[in-house]
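The values are calculated or read from the model by the stated rules, or taken from the named source; none is laboratory data. Everything numeric here is computed off the predicted structure, so don't read it as measured data. Please note: Cβ atoms are built from the backbone with ideal geometry, for glycine as well, and neighbour counts cover all protein chains shown. In case anyone asks, the SASA skips ligands and DNA or RNA and just uses the protein heavy atoms, side chains included. Shrake-Rupley method; radii C 1.70, N 1.55, O 1.52, S 1.80 Å.
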Amino acid sequence: MNNRLLVSLAAAVALCACHSSNVKISGRLIGGEIGEVYLEQVTPLLTTIVDTAALDAQGRYDFRVGNVGRTPVLYHLVAGGERIPLFIAGGDRIVVNAVGSIVRNYTVEGSEESEALRRFYQPFITGAQQLDRTAVRFAAADLTEPERQELLKSYTEEYYRIRREQLRFIVENSSSLAAVYALYQRLPGDQNLFNGDSDVVYYRTVAEALAERYPESPYLTALKGEIERMDARIGLASQITEANFPDLELTDIYGKKVRLSSLAGKVVLLDFWSAELGNNNALNAELKQTYAKYADAEVPFEVYQVAVDTSKPLWISAVQEQQLPWISVSDLRGRKSPALGIYNVRKLPANFLIDKTGAIVAKDIYGRSLDEKLRELTR
C-alpha cells in the first residue's frame, strides 16, 4: 500500500509561510512492546526523523518541535513500525493516545485537521490490512475451488467498499487537508485514485475548497499543478468512463440518506434535474412510463434522481405533484453540489445508465434509446 503523498506534494512543504511557533505532541501508548517513538516530517524527496522519545513506565512520551509554520503540514508519529499521520501547525498542542494496535485504536486531540485525517486513515488502513489477509489466504495451496471463489468474492466486495468510502470522504471533506492526503492513498495494485486522468474532478473539488480555507497552503500549489497535468492529458468532456461508478449519498424528501451503491445489482438510471428550472416535466412524464414498463423486469430497474436545487419546499412539491415513483434525493446545494463535480455534469438535464455490474454504459440517454438499452440490460 502506498502510504505517502506524491513527491511533488511533499516538496511544496518548503513553501510554507515563514511565521512559526512551537508545537507539543504528547500522549500514552499502551500495549505491545514499544520502547521508543519517532516523529517524522515529510520533506522534499524523503521523510526525515525529527526527534525520538522513549516511553516511560506508563507509556507516556513527549515531543517539542520549534519553528513550525501556521499552515498545517504533514508529520508521522511512528511507533512499533506503524505510522500515524498528523497535520501539524505552529502553536498546536496535540495529544495522541493508543491502546493495543496503534493504527486501529489511536485517538487525536488538539488538532482539527489531524482528527479529520484519523477518520479517513483508520478505516482505510484497516480495510487494506483485511485485503492483505484475504490475499494471503487465497494463495494457500490447500484451498478448494468453492473456498477460493468465496475469498475472491470477499476480496472484491471489500475492495470496492473501501474505494467508495475513500471517494465519499474526499467529497464530503473537500476543504480539509485530510482530503488532500486521501487523494493520494492507494490500495494494493492501484495506480490511480479511480479512473486515471478523469479523477481530475476530485482533485479540482478539493483544490477549490482548499483555496477558500487555506489559500497559502503548499498543497494547493501542488494540486493545481496536478490538475493542469491531468487537463493536458484528457478533455473534461469525457470525465466518466465505463467503470465502476463513484458513489453518492444524498437525502430523500423524507430526510433519509440513500446511497447510490445501495442499488448494486440493479440497472440504475442516475438522473440529474432541477425543479427550479422547470424544464424536466415532460422528461419525467416519459420516464414514469418507462419506469412502469420495467417494474417487473428480470433484472430490477431503478431511478436515482438527483435534484440540483436549493429550495426544499419547491423540490418536494415538484416530486409530489408529479408523483415521481422512484428515489428522489438532493443536498439542496444547487450548482455547488459536489455530485455535479463527481460526474462532470455541466448542464441539466443529464443522466448516466449503470448496468447491474456497476459499469456506466450510457450517458444522456432518453426516449426510445433508453427503452432499447433497458430491454437489453434487464433480461
Study note, to complete from the structure: Excluding residues fewer than 8 positions from LYS356 in its own chain, the aspartates and glutamates with Cα under 12 Å of it are GLU298, GLU302, GLU376
Practice item. Mind grabbing the accessible area of ARG375 for me, 1.4 Å probe, Å², rounded to tens? Key: 100 Å²
Revision key, fill the gap. Straight-line reach check, LYS24, cutoff 20 Å on alpha carbons, 8 or more apart in-chain or any other chain, hits among aspartates and glutamates -> GLU36, GLU40, ASP51, ASP56, ASP62, ASP92, GLU109, GLU112, GLU113, GLU115
Exercise for review: Please list, or write none, the lysines whose alpha carbon is within less than 27 Å of the alpha carbon of LYS224, excluding same-chain residues fewer than 8 places away.
Suggested key: LYS336, LYS347
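Once you keep just the Cα pairs under 8 angstrom separated by 6 or more residues, what percentage relative contact order results for the chain? Kindly include the intermediate steps, with their values, before the conclusion.
Details: 669 pairs, mean separation 49.7, N = 379.
Averaging sequence separation for qualifying contacts and normalising by length gives 13 percent for the chain.
Could you quote the convex hull projected area for the chain, Cα atoms only and averaged over all directions, in nm²? Spell out each step's value before the answer.
Details: hull surface 88.5 nm².
Directional mean of the projected Cα hull area for the chain stands at 22.1 nm².
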Point to revise | Where the chain is the region considered: accessible area per residue in Å², 1.4 Å probe | key: 47 Å²
Check your understanding: Any idea of ASP331's accessible area? Nearest 10 Å², probe 1.4 Å.
Key -> 50 Å²
**Study point:** Globularity ratio of the stretch 270-378, using Cα Rg and 2.2 N^0.38 Å
**Key:** 1.04
Review point. So for THR357, THR47, THR378, what's the accessible-area order with a 1.4 Å probe, most first?
Key: THR357, THR47, THR378
Study note, to complete from the structure: Computed for the stretch 188-339: size of charge dipole around the Cα centre, +1 on C-beta of each Lys and Arg, -1 on C-beta of each Asp and Glu, debye to nearest 20, value 280 debye
Study note, to complete from the structure: Share of accessible surface on carbon and sulfur in the chain, whole %, 1.4 Å probe and ligands ignored, is 49 percent
Point to revise | Furthest towards positive pole of dipole, GLN166, ALA128, VAL78, structure part the chain, Cβ charges | key: GLN166
Review point. For the chain, what is the calculated [θ] at 222 nm in deg cm²/dmol (nearest 500), taking -39500 (n - 2.57) for each run of four or more DSSP H residues and dividing by its residue count?
Key: -11500 deg cm²/dmol
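Taking only Cα atoms of the stretch 282-335, what ratio of Rg to Rh do you get with Rh as the Kirkwood inverse-distance radius? Display every interim value, and only then the final one.
Numbers: Rg = 12.4 Å, Rh = 12.1 Å.
On the Cα set of the stretch 282-335, Rg over Rh gives 1.02.
Could you sort THR71, THR251, THR221 by accessible area so the largest value comes first, with the probe set to 1.4 Å? All intermediate terms of the calculation are to be shown ahead of the outcome.
On the way: THR71 15, THR251 40, THR221 80 Å².
Order by accessible area, largest first: THR221, THR251, THR71.
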Check your understanding: Charges only on Cβ, +1 for Lys and Arg, -1 for Asp and Glu: so what's the dipole of the chain about the Cα centre, in debye to the nearest 20?
Key -> 380 debye
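Could you sort out which of LYS257/LYS293; LYS293/LYS373; LYS266/LYS363; LYS266/LYS288; LYS153/LYS363 sit more than 22 Å apart by Cα distance in this structure? Intermediate values should be presented prior to the final figure.
On the way: LYS257/LYS293 27 Å; LYS293/LYS373 13 Å; LYS266/LYS363 17 Å; LYS266/LYS288 17 Å; LYS153/LYS363 29 Å.
The pairs that break the limit, which is 22 Å between Cα atoms, are LYS257/LYS293; LYS153/LYS363.
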